[in-house]
Each structure stands twice: as C-alpha cells, then as structure tokens.
Amino acid sequence: MRLLARAAPMLVSACVLAACSASKRDQEAEIFVETTPPGAGCILLRAGQPIAQIERTPGIAVVTRSPQDIAIECTRSGFQAAAALARSRQQPATFGSFFAGGPGYDYDGNIGLALVPNGQAGPRPEQLLPPRS
C-alpha cells in the first residue's frame, strides 16, 4: 500500500509531462510549398480566412492543426494564379494525445504547383478549389 502511495504522484507527473510535451508540437504542422518556377508568393486559407503566408517559394508555413482543409493560393508576376488544397486527416491516437485532448490532425506536408505563363491554357484556380464560404 505504501508503494502505491509513493508511486501515484510519480505516475500523475509522468502523465502530465507527456501531455505537456506533446501539446505545443502536436498543435502545429508545417506545410512546404514549392512552385515551378520558384519565387511565387502564397497565402494559406482556412474557411476563406488567411492563416499563413509564404513570401517566396519554396517556403514553409507553420499552421495550427484543424479538421478543416487548407487552401493554398500562389501568384507570381507574368503567370496565372495557381491553387492547391492541403487536406486535413485525422492521426491515430497516441499516449500523449490522449492526455492532450484526443487524436490530432495532420496535413499533406509537401505541396507542388506548376505556374502557367499568362496567355497559355491551364486550369483556373476556381476549378481546383471548393467555393469559399
């Protein structure tokens, strides 16, 4: 009985530390965006609202994880705008995520976009993304 009384605080501390160490890192995701040719500026949007920006591709945006997908819109002078969708997917539950509130979400980490020169045929951004709300 004494052993259990001594072990209980250590077990609680270990669980709290597992949740704390996982919480900040597990709440953020990195999305790498590259364009061909490089040098485009990109905005990342969730539910139609800007959440991150990449000044020049290639670049990385750090975003908060969410069950919602992220739209990526890139522009460069002399080229048509290009767009892609980073899909959110649920991660399996882990020991740390159990204490941090449940399983988290992750995104497609690498997004590549081909920029089409102005005047050439190519897909329009509105053909690639769902309508904004």
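The requirement of being closer than 22 Å to THR57 by Cβ and either buried (at least 17 other Cβ atoms within 10 Å of the Cβ) or modelled with pLDDT of 95 or more (or both) is not satisfied by ALA100. Against the numbered list (1) at pLDDT 95 or above; (2) loosely packed, with under 11 Cβ neighbours inside 10 Å; (3) of a type in the set (S, T, N, Q), GLN53 comes up short only at (2). Among residues of the range 71-83 that are over 10 Å from ILE43 (Cβ atoms), those with a beta-carbon under 6 Å from a residue that is surrounded by 20 or more Cβ atoms within 10 Å (Cβ to Cβ) and of a type outside the set (Asp, Glu) at least six positions away or on a different chain give the pairs ARG76/ALA40; ARG76/LEU115; PHE79/LEU115; ALA82/CYS74; ALA82/LEU113; ALA82/LEU115. If you go through the range 110-124 one residue at a time, do you hit one that is at pLDDT 95 or above, surrounded by 12 or more Cβ atoms within 10 Å (Cβ to Cβ), touching a Phe, Trp or Tyr at 6+ places or on another chain (Cβ under 6 Å) and part of a strand (DSSP E or B)? Scanning the range 110-124, I find no residue that is at pLDDT 95 or above, surrounded by 12 or more Cβ atoms within 10 Å (Cβ to Cβ), touching a Phe, Trp or Tyr at 6+ places or on another chain (Cβ under 6 Å) and part of a strand (DSSP E or B), so the answer is no.
The values are calculated or read from the model by the stated rules, or taken from the named source; none is laboratory data. Owing to the predicted nature of the structure, the values given are computational and were not obtained by experimental measurement. Glycine gets a Cβ as well: all are built from the backbone with ideal geometry, and neighbour counts include every protein chain shown.
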